[in-house]
Every structure is written in structure tokens, then in C-alpha cells.
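A short worksheet on the structure shown next.
The values are calculated or read from the model by the stated rules, or taken from the named source; none is laboratory data. All of these numbers come straight from a predicted model, not from anything done at the bench. When we count neighbours, we look across all protein chains shown, and the Cβ atoms used for this are built from the backbone with ideal geometry, even at glycine.
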């Protein structure tokens, strides 16, 4: 795993190429505002008031109880980036965070004994598994934190941690304190440490060493309580995990379909990893089996966990493909250092041209990728809505984040993408309106909606029902959606 500055070998170039490959798609692709809108607004609200957001001010539907702003620190970061550099900085920062995660995974693969090329190939495979879930959102900022946990565990497993490795291991409680304020995925990092401690205990290793592992795990668990919410953060996560509304309404929380991109890669990777692990002559460590089984099960239950599976499985697969130390090392070929450096510079140049600030200079970039927000964002529709005096707006939920971002505080969305923020009754009414049943108008009357902001693609049934109703009249429409206003009696 050593790398001497000035001696850039081809194997190092392979590693660089793998990490660089994870950057362009994330850095070039315009961002969605589904979650980003309320994320930036929440952070801006906290920066202006100097306190953690307790009650959501951006939407007006009735609220559920027991909801906490778990990812408040990520919201502050996104708002700070947006203030400092707009969407380019927001996109660039999250893209670099994702690439940092895969660089750490590559290092963990090397620490588990894989060669440079093997580790590079596994890194690309992990990236492909998570490629659809690396957008500008709080979860992306948590990926490098899992990468740090996996790297620290891999270095400790190797037995020769060195000063940096020992420091990293001891600093993990601080990392978990940060993680618990950044995003609610920190139990996944604890799961890695639990697998290590439980696996070693089941294998009956040194009692003192295993006691230290359990104490270390305990300190990391306690560190997750260092948030504005204490135990409330764990209660909130338990509610999220068991919330049937989320699983029924949000596709990324449902099991990945076999025919989808993520589903196909997931099932293929599970089959390949299981086959390799079961055919190995030397038994796989118990901790590795626990890691594979737990993260694999999570990925089977939820599409959003496929990216986590790719990250967590990489060091384990690296150990499966590691060359036994007893085998003689093949003599290294003489290489032309200048050529290696030239290739590295080209790779870094391509990475630089993919960044939001420079992508306009890339002649190969398609026109639809040159902007910073996705073309389907209802910008014109929101501008038209802002010119109206409507206050009780019904909106398609995925547009709520952009309404939060563009129109608050003058106008508020009914709901946005934070499914857990609203009780079951609100979502029952939302579904009854989106797919109109008899009496849908009475629901609209009960909430006193004075405007319907509808997506042509996602709410065609309600569009037809509103168009046929004498209570509503269209006042604006474009290729993305239509706004109906209530007709005064």
C-alpha cells in the first residue's frame, strides 16, 4: 500500500483512474431540487437565527409528532456552500465528497491485501452500484464517513496500523459524533464496528483485545448521543425504519426491482460475492460474513441501501481476491515514469473539466448537462405562481422542495419530500387527491386549497378532474405542469 512521491508507477495510475472515474457524472450532472430545496432553506434558517430548526416553517400541511431535524449540520453546510458559490459549489462539494468516499474504499481494499489494479477495479464496481444515489443531498456527505470507518477497521484487521491508523481508530468516536449530526445513516458505521467486535468474539480471539473492541464500540455509540436531540435521534430513526408510508410512497425505500439498474447490479453482485466467498479454501472471517449478510440484507430491502452495500462489501471482496503473502512477488517491470505522470495529468485534467465551474469548456459535454439544475425543475411554473396571491397551495410532493426554495416565505408548499414530517391522514388525503376518488372535491374544500400545482407526468388524473370541475380554472400551463385556481363562488 506504500506510495513514494516521485515514483509514480502504472499501478498507481490505475488507482487514480478509478477515483477520477467516480467524479465526472456527479460533477457534471445538473442537480435535482426535490430534497435540496428544503435542505438549503433549512440551513439558511438556522444560520440566520443561530439555533437548530425545531418546527418546519416551509410547508403548511399538519405535522406528525416526534420528528427531529436529524441532518441539521448537513443543512447548514449546504446553505453555506450555496451562499458562497451557488449551485456550482453545492454540486462540486458533494461530488468531491462522493469521490473521497471511493478513494477511502480503494485504500481499505489495499489494506485488506488486494493489489492496486484489483482495488481499482473493485472501486469502480462499488461506484457503479451507487451511481444513481450520489446526488447533492445529506446522505452523500455521509459516504466518506463510512469509508473512514471501513479503512480504520481494515488497518486494525491487518495488525500493523502505524501511527496514523492508531490515531484514526481512536478518533472514531469523534467521527460518529459528527456523523450523528450530519445524517441519520450513522448506525451503518456502528454496524461495521459491531461486525468486527462480534466476529472476533465468536472466533475466540484475545480476551483483552476483544474487550477493547467492545469498549470502543460502546464509546462510538455514546458519541452518537452528542446531538441537540440525544436519544431522540435514535427514536426518530426507529420511526423512519418502521414507517409504512415511506415504504409505500418512496421508490428508493422499496426493494430494488430486478429489472432496474440498481436491482440488476445488486443481484449480480450478491451472486458473485457469495460464489467467491463460498468457494474459497480458507474460511472467510466471521466479521466479514456478518458485514456481507447485514449490508446485503439492507440492500435487498431498500434501493437506497445499494450504494452502502457497494461501499461495505468492497474491503471484504478485496480480501477474497488478495494474493497470499507466501507467494513470491512477481518482479516489477521497468516503467517510464514520464509516461505515467503524463497519463496522470491527463486524468486530472479530465477531472478538472468535469467540475461545475469548468464544464462549459468541455466540448464533449451535451447541452442538457451544461446547466446546474435539472431541466424538469418547474422554474417557470414557480415564477408564475409567485405572481399570484394563492396561499393554500396543493402541490405534487416532489415539487415541494423547489417551492420551498423559490417561493418561501411568500408562499408555502402543502407538502414536500420529507414523508415522515406528515401523518398518515395527510398522505391518505394526498393520494385521494392525486388519484381522484369520488368526493375528492370535499377533501380540497376541507383544506381550503385555492391553487392546485400539478405535474403533467405524475398527476394526470387530478389534472383531468380539475379541468372537468366548475370549481377550478386553469391560469397557467407549460410543458411540465399546470396551475389551477379556485373559482370564487
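A few notes on this one:
- Screening region 182-267 for helices (runs of 4 or more DSSP H) wholly inside it with 2 or more residues that are over 29 Å from residue 133 (Cα atoms) returns the ranges 186-202, 207-223.
- Enumeration of residues in region 273-303 that are in a helix (DSSP H, G or I) and farther than 24 Å from residue 134 by Cα: 274, 275, 276, 277, 278, 286, 287, 288, 289, 290
- Residue 145 being surrounded by 19 or more Cβ atoms within 10 Å (Cβ to Cβ) and over 30 Å from residue 264 (Cβ atoms): no
- Test result for residue 58, under 17 Å from residue 140 (Cβ atoms) and in contact with a strand residue (DSSP E or B) (Cβ under 8 Å, 6 or more places away or on another chain): no
- Put simply, of 79, 25, 74, 64 the only residue that is within 22 Å of residue 399 (Cα to Cα) and modelled with pLDDT under 95 is 64.
- Qualifying residue in region 408-420 (condition: assigned to a helix (DSSP H, G or I) and over 21 Å from residue 480 (Cβ atoms)): yes
- Checklist (1) outside any helix (DSSP H, G or I); (2) within 21 Å of residue 43 (Cβ to Cβ); (3) free of Cβ contacts under 8 Å to residues at least 60 places away in the same chain applied to residue 436, failing item: (2)
- Screening residue 157 with (1) closer than 18 Å to residue 318 by Cα; (2) in contact (Cβ under 8 Å) with a residue 40 or more places away in the chain; (3) in contact with a helix residue (DSSP H, G or I) (Cβ under 6 Å, 6 or more places away or on another chain) gives one miss only, at (3).
- Within the set 350, 355, 365, 385, the sole residue that is in contact with a helix residue (DSSP H, G or I) (Cβ under 9 Å, 6 or more places away or on another chain), surrounded by 15 or more Cβ atoms within 10 Å (Cβ to Cβ), touching a residue at least 40 places away in the same chain (Cβ under 8 Å) and in the same structural domain as residue 413 (by TED's automatic domain parsing) turns out to be 385.
- Residue 380 meets all of the listed conditions (1) surrounded by 14 or more Cβ atoms within 10 Å (Cβ to Cβ); (2) in contact (Cβ under 8 Å) with a residue 60 or more places away in the chain; (3) assigned to a helix (DSSP H, G or I) but one, namely (1).
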